[in-house]
Amino acid sequence: MADAKVYGILSAKGGVGKTTITANLGSILAREFKKKVLAVDANIEVPNLHLYLDMLGLPSSLQNVIKDEVSIAHSTYIHKSGLAVVPGSFLEEGVDVTRLKNIIDLVKGLYEIILLDSHPHVDKETRAVIESSDEVLIVTNPWIPIVTSCLLTIKLVNEVGTPIKGIILNKVGRSDEEMSAREVEDSLGLPILAKIPADINVYRGVEKRTPVVVEVPKSPASKEFRRLAKLF
Ligand SMILES: Nc1ncnc2c1ncn2[C@@H]1O[C@H](COP(=O)(O)OP(=O)(O)OP(=O)(O)O)[C@@H](O)[C@H]1O
Ligand SMILES: [Mg+2]
């Protein structure tokens, strides 16, 4: 099997949907498309992917791997969708994020796709995710301040030199005043890969700690996640 392709999932602003996309894209690729997928919670400071996947109380995490306390194999857990997950843990000190790439490289031979969730900033932690990725996905909502903040992320990605696969436009359709897909594409100069609607089922899925693609596979958002998954 060829090495996995690693995708960093990025945004400069918080709450746009990175973790939702990591959980849902990972789950649908594993469950319906039968891909070998690993999702890594590389939101080192405030990890929460495990909350979205109902994988609480696990004994080890990415932070433990980075600190050389356990191997990545010992920190990989299988979600009910078939998605392999390396969760994060809170309040860890002395985590050297520059080690992320070496750790991800170790397991590239075991998967087809690796998704790296990330934290909402443009800093050295974000850089570590970009450097660990073969391509990145930029997540935004169709609102001017959030779209504008993507320019900061894009600048850093271009500095590192990692290709950008495209934009995922999330929470679409909440207001008549929001930017159109065309306006977002023109502002950022990048293609939109998916337009995921604002869907109450996504929100409920987080409350139930189950990705919407598993809980309500025919919801509007699940249909768009399915369309997005076909691009991987
Ligand atoms: N398409 C959607 N429809 C409805 N609610 C959504 C959608 N996408 C995300 N949400 C909700 O928005 C909130 C934030 O989503 P999420 O945690 O995925 O964002 P994030 O970018 O990972 O945030 P952070 O940067 O803080 O890690 C969650 O409550 C989630 O349920
Ligand atoms: Mg998140």
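The values are calculated or read from the model by the stated rules, or taken from the named source; none is laboratory data. Bear in mind that the values here come from a model prediction, so they are computed numbers and not experimental data. We place every Cβ from the backbone using ideal geometry, glycine too, and count neighbours over all the protein chains shown. To get the accessible areas, we keep the full protein, side chains included, count just its heavy atoms, and leave off ligands, DNA and RNA. Shrake-Rupley method; radii C 1.70, N 1.55, O 1.52, S 1.80 Å.
Return the distance in nm (one decimal) between the two label points of a simple spin-label model at Arg174 and Lys223, each offset 7 Å from Cα along Cα→Cβ.
About 2.2 nm, to one decimal.
Suppose each label sits 7 Å from its Cα in the direction of the beta carbon; what would the Leu231-Asn102 distance come out to in nanometres?
Using points 7 Å along Cα→Cβ, the separation is 3.4 nm.
Could you state the accessible area per residue of region 5-227 in Å², with a 1.4 Å probe and every protein chain left in place?
Values: 9690 Å² over 223 residues.
That works out to 43 Å² per residue.
Largest first and in whole Å, what are the equivalent-ellipsoid semi-axes of the chain based on the Cα gyration tensor, each being the root of 5 times an eigenvalue?
Over the Cα atoms of the chain, the semi-axes work out to 26, 21, 16 Å.
Evaluate E = 1/(1 + (r/R0)^6) for Leu151 and Phe90, where r is the Cβ-Cβ distance and R0 equals 41 Å; express this FRET efficiency to the nearest 0.05.
With a Förster radius of 41 Å, E is 0.85.
Run through the DSSP bridge list for the chain and note the antiparallel percent, rounded to the nearest 5.
Numbers: 2 of 28 bridges.
About 5 percent, rounded to the nearest 5.
Can you work out the Karplus-derived ³J(HN,Hα) for every residue in region 105-116? Use 6.51 cos²θ - 1.76 cosθ + 1.60 with θ = phi - 60°, whole Hz, and x for glycine or proline.
In residue order, the calculated couplings are 4, 4, 10, 4, x, 9, 9, 8, 9, 10, 10, 10 Hz.
Check Ala39: other-chain or 5+ apart residues with amide H under 5 Å from its amide H, H built from backbone geometry?
Ala84, Val85, Val86, Leu115
Charges only on Cβ, +1 for Lys and Arg, -1 for Asp and Glu: so what's the dipole of region 1-95 about the Cα centre, in debye to the nearest 20?
With Lys and Arg at +1 and Asp and Glu at -1, about 540 debye.
What FRET efficiency would be calculated for the residue pair Glu185, Asp3, taking the C-beta separation as r and a Förster radius of 25 Å, to the nearest 0.05?
0.25
Projected onto the charge dipole of region 5-227 (+1 at Lys/Arg Cβ, -1 at Asp/Glu Cβ, origin at the Cα centre), which of Thr148, Ile196, Ile44 gives the Cα projection farthest towards the positive end?
Ile196
Tell me the net charge near Glu183. Cut-off is 13 Å between Cβ atoms, Glu183 excluded, with +1 for each Lys or Arg and -1 for each Asp or Glu.
Summing Lys/Arg as +1 and Asp/Glu as -1 gives -2.
When the solvent-accessible surface of protein heavy atoms is calculated with a 1.4 angstrom probe, in what order do Phe90, Phe33 fall, highest first? Don't skip to the end; give the middle numbers.
Details: Phe90 100, Phe33 65 Å².
The ranking, largest first, comes out as Phe90, Phe33.
Could you pull the accessible area for Arg174 with a 1.4 Å probe, rounded to 10 Å²?
140 Å²
Aspartates and glutamates within cross-link reach of Lys67: Cα-Cα under 18 Å, excluding same-chain residues under 8 positions apart?
Asp41, Glu45, Glu92, Glu93, Asp96, Asp105, Glu125
Excluding residues on the same chain fewer than 8 positions from Lys171, give the lysines whose Cα lies under 25 Å from its Cα.
Reachable lysines: Lys13, Lys18, Lys155, Lys195, Lys208, Lys218, Lys223, Lys230.
Under the Karplus relation 6.51 cos²θ - 1.76 cosθ + 1.60, θ = phi - 60°, what is the ordered set of whole-Hz ³J(HN,Hα) values for region 164-171, x standing for Gly and Pro?
These are the phi-based 3J(HN,Hα) values: 9, 6, x, 9, 10, 8, 10, 6 Hz.
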